[in-house]
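Bear in mind these aren't lab numbers, they're just calculated from the coordinates by the rules spelled out. Note that this is a predicted model, so its numbers are computed, not measured. Cβ placement follows ideal geometry from the backbone for every residue including glycine, while neighbour counts extend to all protein chains displayed.
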Amino acid sequence: MPTIACEIPTRLPQASVDCSQYMGLIGQQQHVTSTITERTTITSSATITIDVTTTRNLTITRTFTAPENVRTEIVPLPGAGTVKKRQPVATIPEYASWCSGASRFTSACSCIGVTGTPVATGTVSHTTIISSTITIPETETVYSTETRTNTSPVTTTSTPPEIVRSVYRFKVRGVSGGDTIYLSSNGPGPVDVVEQNTEATYFTVPITGGALMLDIDPTTKAMAAGDGSSAASVQFSDGDAGGSLHQLQCSLGAGNALQCSHSGTAMFWGENFGYLLISPNVGDPDFDRDLTLTAYDWSL
């Protein structure tokens, strides 16, 4: 029958050491694969801040704190999970080879008070509080002002300024020896003596006296050649013909008589070959007949 370790007192110290090593290796081999799980509780608290909202010219600032949100997550530890390690192989000492296997050797070790120590697994718990702030950018509402201009047609009634005439406007006729003649002119050139009223034309003269002019062409004026010392024909011109013509100065006198002077000399009217003449002498021999001229059909 084999001898077990507990029956040999002299081997007990060495056997105790051998059993401790053997049992330790056996325990590590039995628990060499372990799983460690980290359980983390995360508490999340969010603060939402609305900076500025401008509406209808009112500025409002509001801050909202979101309710606390607690959630639990399982987070593996760095390097955690299934761990496998290589361990030394547990062998039975040679002097205990008669124990016929590991079970009898461990039984013998238990007899001397050496047993295996189990390897514990553990759960690690961490609590992490996470605070996050959400900021909403400023929202601004801008109102624009539109200006509309309605243009309505405007009717303007204007009253023309009152025309104040400063000249007389009239026709001229003459009487000589019981005959009636009329003056006519259609532009620059000699003044015609005609016999029909329908052929008479209008003339003008300033109320205060001045140039005798054509109504149809106010730029033309009655003029006569020479210095007024002798008879000369009357003609309308817009110039002085190089100094050979001089403007007559005329006015309406008593009884609407047309009176004119030439170079400061009072003149008398005459007619010769159908043209109007003037002369400083009454009954000038160059006249076919003497004329007394008066204005008629006149107006201001």
Long-range amide H contacts for PHE268: which residues qualify at under 5 Å (H placed 1.01 Å from N, peptide plane, sequence gap of 5 or more or a different chain)? SER279, ASN281
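Magnitude of the Cβ-charge dipole of the range 167-299, K/R +1 and D/E -1, about the Cα centre, nearest 20 debye? Could the numbers behind the result be given before it?
Numbers: 5 positive and 15 negative charges, 76 e Å.
The dipole of the range 167-299 has a size of about 360 debye.
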Would you mind counting up the charge near ASN256? Only other residues with Cβ under 12 Å from its Cβ, with Lys and Arg at +1 and Asp and Glu at -1. +1
The range 167-299 pair-distance distribution - Cα-Cα, 10 Å bins, rounded %: 13, 49, 34, 3
Summing +1 for each Lys or Arg and -1 for each Asp or Glu, what net charge is found among the other residues whose Cβ lies under 15 Å from the Cβ of ASP284? -3
The local net charge around HIS246, scoring Lys/Arg +1 and Asp/Glu -1 for residues other than HIS246 whose Cβ lies under 10 Å from its Cβ, equals -2
Select from SER233, ASN256, GLY178 the residue farthest towards the positive end of the dipole of the range 164-265; place +1 on Cβ of Lys and Arg, -1 on Cβ of Asp and Glu, and compute about the Cα centre. ASN256
Once you put a point 7 Å from the Cα of SER20 and another 7 Å from the Cα of SER261, both along the Cβ direction, what distance in nm separates them? 16.8
Under a 5 Å amide H to amide H cut-off, with H placed in plane at 1.01 Å, what residues pair with THR292 once short-range neighbours are removed? VAL175
At R0 = 45 Å the Cβ-Cβ FRET efficiency linking TYR202 and THR155, nearest 0.05, sits at 0.75
Roughly how many nanometres apart are two label points built 7 Å out from the Cα toward the Cβ at VAL89 and SER299? 15.2
